[in-house]
Amino acid sequence: MERFFFDGAFGTYYRQIGGRCERCEEANLLQPQTVAEIHRAYLEAGADGIKTNTFSVRPSFSENWREVLRAGFRLAKEAAGNTAQVFADIGSIQSEETAPEEYLAVAQEFCGCGAKLFLFETLAQLDDILPAVSFIRRTVAKAQIFVSFAAFSDGYTQKGWDYRELLHRAAQVDGVKAVGLNCVCGPSHLYRLLSQMDRTGLCLLAMPNAGYPANVGGRTVYEDNPAYFAARLRDIAGLGVPVLGGCCGTTPAHIAMAAQAVKGKPSAPPVRPASPLPENGRPSPNAFLKAMEEGRKVVAVEIDPPEDLDIARVLSFSKTAKEAGADVVTVADSPLARTRADSFLVASRIKREVSIDVLPHLSCRDRNHIAVKGTLLGGAMEGIRNVLAVTGDPIISLESGVSKGVFSFNSYRLISYIKSLSADVLAGSPYAVGGALNVNAERFDAELKRAQKKVECGVDFLLTQPLFTRKAEENLKRAREALPCKLLAGIMPVAGYKNALFLNNEVSGISVPEDLLHALQPAGREEAAAHSIAFCMEMIRRVFDLCDGFYLMTPLKRIDLTARLTKEIRRLEAERKKDHDSYR
């Protein structure tokens, strides 16, 4: 492709020159002359094409979003005349529930305006735009579609996707002509990302920010650095990137100097990087995974992190679990959305002071991708090799807007993100990634499909919810037949009658059988423990050959119950092995 220059930022430049609309797209109707002047300024600076002022326009923008979009397209076409190209600009839509429909609606509206050139930009993932891309390809003859992702300096998007995977996937989509990166990164980091990837076969675009923003008087501002920006964009062009431009913080001055700096520089074909990425050391075997692969029935004992500073109790419980024969201690991440000590910090203390493998839970609920990566890096430094990726229990709030979850990821993306990091920056100490399987789901077919998707995302093992019923046992059997990953059957001993009532009435998806309830009601502490252990062991014997191990949940700080179960499982395992050896 011949060298092509896009314009720079619209929104930040609009605010810089004193635009009065809160959202710059509103100016399409309220300040059309200002919008036209900005377009003309970029064209005079040397841009070959301009983007419509429609980045945030979609059905959720406003009731008159169609009018705003049409005005934006008309103003850009009038400014470009017959001398420049106009790209219908479609910005990132974050809502996973509505994004595909909104992208499609915006694409349909642009097609109705007569658009032939389209830019999907600042994306965090690919799949949501595919219906819109397919519609454009079917509707507009010879349409040109450019797709650009926003990757942070570490190469991952807000949704946890590796930029290299996204670019190569997007390039394979029918109708997509160019793929690349824009926004978030300054030009130096964007250059590094592109230089480190395999660029063969890709028509690349690069539209970096002017740099990194500062907060001045409550306003987000960028340094006025057109000469520096132009020099870095020339370096990017030298990688064989034919489509260039600017994003946040760039102005007509940036584009003018960049176009001049790149002018005459040949557009070399994209190639593989000159030297490979540095390799991390070969990781040592993961003891937890190795035990399952060797056919041992692993036992994971869950211990809740403290709500206060009582780490001594957690360490004591962990030591008890280890002495009973547990392979790993698993630490929940604020179960029932009640704040507790950080699961990774608690797991680190357990690993250091008790010398047992740990499996901290990591929920999507409370962390964005920055916090997730920071947590995983810190855990790897502490020698943590296992993680359970979960959605996290929902937050219940009486007041709207208080204590909302983050949910930058869903559990699928979190699994993929951890596996991607484990193959890259964490290759020297990769994580084995677990997921959750609800064997108590009323619609288990749907749950099984979710589990299969987790396997596709790279999950190594699944931990089930506690088994109390024959139906749950049947669902575990179905999972064993359908899923190629390791399975740990969830077992929860009940501490007593009141605990059983609580589980039945306040914890979704758990149903303690009536016969166990009747046995527990008149029983004292020790008799209740005996009933609970007997019930659990009956279930364990029935599912012993259907799973690769057991996930024991400690109720109400009753580590004595999970320790007794662990010992019983070890006895049962020894008996089975003895019988097997005798048969041979």
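The requirement of being surrounded by fewer than 21 Cβ atoms within 10 Å (Cβ to Cβ) and modelled with pLDDT of 65 or more is not satisfied by Val406.
With respect to (1) without any contact (Cβ under 8 Å) to a residue 60 or more places away in the chain; (2) surrounded by fewer than 22 Cβ atoms within 10 Å (Cβ to Cβ), the lone exception for Ser195 is condition (1).
Condition check ((1) open to solvent by less than 20 Å² (accessible area, probe 1.4 Å); (2) touching a residue at least 12 places away in the same chain (Cβ under 8 Å); (3) outside any helix (DSSP H, G or I)) across all residues:
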residue: Ile236; (1), (2), (3): yes, yes, no
residue: Val241; (1), (2), (3): yes, yes, yes
residue: Gly249; (1), (2), (3): yes, yes, yes
residue: Ala253; (1), (2), (3): no, yes, no
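Output the residue which, of all residues in the stretch 48-81 that are under 27 Å from Val262 (Cβ atoms) and open to solvent by 10 Å² or more (accessible area, probe 1.4 Å), is farthest from the chain's Cα centre (by Cα). In this case the residue turns out to be Gly81. Of the strands (runs of 3 or more DSSP E) lying entirely inside the stretch 460-559, not one carries at least 1 residues that are at positive phi, out of contact with any strand residue (DSSP E or B) (no Cβ under 8 Å at 6 or more places or on another chain) and crowded, with 23+ Cβ neighbours inside 10 Å.
Sort through Leu202, Leu193 and tell me the only one that's in contact with a helix residue (DSSP H, G or I) (Cβ under 8 Å, 6 or more places away or on another chain) and not in a helix (DSSP H, G or I). Answer to the selection: Leu202.
Suppose we filter Phe152, Phe110 for residues that are open to solvent by less than 20 Å² (accessible area, probe 1.4 Å) and of a type in the set (A, V, I, L, M, F, W, C); which single one remains?
The unique qualifying residue is Phe110.
Is it the case that Arg584 is modelled with pLDDT of 90 or more, basic (Lys, Arg) and open to solvent by 60 Å² or more (accessible area, probe 1.4 Å)? Judged against the criteria, Arg584 is not a match. Of all residues in the stretch 159-182, count the ones that are within 24 Å of the chain's Cα centre (by Cα), farther than 14 Å from Ser420 by Cβ and open to solvent by 20 Å² or more (accessible area, probe 1.4 Å). Matching residues across the stretch 159-182 total 3. Restricting to the stretch 163-190, what's the tally of residues that are touching a residue at least 24 places away in the same chain (Cβ under 8 Å), over 21 Å from Arg232 (Cα atoms) and either assigned to a loop (DSSP other than H, G, I, E, B) or touching a Phe, Trp or Tyr at 6+ places or on another chain (Cβ under 6 Å) (or both)? Residues that pass the stated criteria total 4. Restricting Tyr212, Tyr163 to those that are aromatic (Phe, Trp, Tyr) and modelled with pLDDT under 95 reduces the list to Tyr212.
Among the residues of the stretch 166-188, those identified as more than 25 Å from Cys113 (Cβ to Cβ), at pLDDT below 95 and in contact with a strand residue (DSSP E or B) (Cβ under 9 Å, 6 or more places away or on another chain) are Val184, Cys185, Pro187. Check whether at least one residue in the stretch 269-283 is open to solvent by less than 40 Å² (accessible area, probe 1.4 Å) and either at pLDDT 95 or above or small (Gly, Ala, Ser) (or both), and report yes or no. No: zero hits. In the stretch 438-452, the count of residues that are polar (S, T, N, Q), farther than 23 Å from Val387 by Cβ and at pLDDT 95 or above is zero.
The residue pairs whose first member lies in the stretch 560-584 and is among the basic types (Lys, Arg), whose second member is at pLDDT 95 or above and open to solvent by 100 Å² or more (accessible area, probe 1.4 Å), and whose beta carbons are closer than 7 Å, counting only pairs six or more residues apart or on different chains, do not exist in this structure. Go through the residues of the stretch 60-72 one by one and say whether even a single one is under 23 Å from Val176 (Cβ atoms) and not small (Gly, Ala, Ser). There is at least one residue in the stretch 60-72 that is under 23 Å from Val176 (Cβ atoms) and not small (Gly, Ala, Ser).
Scanning the stretch 412-421 for residues that are of a type outside the set (Phe, Trp, Tyr) and open to solvent by 10 Å² or more (accessible area, probe 1.4 Å), which turns out farthest from Trp161 (Cα to Cα)? Per the criteria, the residue is Lys419. Considering only residues in the stretch 439-453 that are under 21 Å from the mean Cα position of the chain (by Cα) and within 26 Å of Cys536 (Cβ to Cβ), the one that is least open to solvent (accessible area, probe 1.4 Å) turns out to be Ala451. Residues that are over 20 Å from Phe550 (Cα atoms) and among the acidic types (Asp, Glu) were ranked within the stretch 350-370; the one that is nearest to the chain's Cα centre (by Cα) is Asp366. Based on what the data block shows, is Ala84 in contact with a strand residue (DSSP E or B) (Cβ under 8 Å, 6 or more places away or on another chain), surrounded by fewer than 24 Cβ atoms within 10 Å (Cβ to Cβ) and farther than 18 Å from Val147 by Cα? In short, yes.
The condition (being farther than 23 Å from Thr330 by Cα and in contact (Cβ under 8 Å) with a residue 60 or more places away in the chain) is satisfied by just one residue among Lys486, Lys477, Lys471: Lys477.
In this structure, does Ala258 turn out to be in a helix (DSSP H, G or I), modelled with pLDDT under 95, open to solvent by less than 40 Å² (accessible area, probe 1.4 Å) and among the hydrophobic types (A, V, I, L, M, F, W, C)? The answer is no for Ala258.
The values are calculated or read from the model by the stated rules, or taken from the named source; none is laboratory data. The structure displayed is predicted, hence computed values, not measured ones. Here the Cβ is made from the backbone with ideal geometry for all residues, glycine too, and neighbour counts use every protein chain on show. All accessible areas refer to the heavy atoms of the entire protein, side chains included, with ligands and DNA or RNA removed. Shrake-Rupley method; radii C 1.70, N 1.55, O 1.52, S 1.80 Å.
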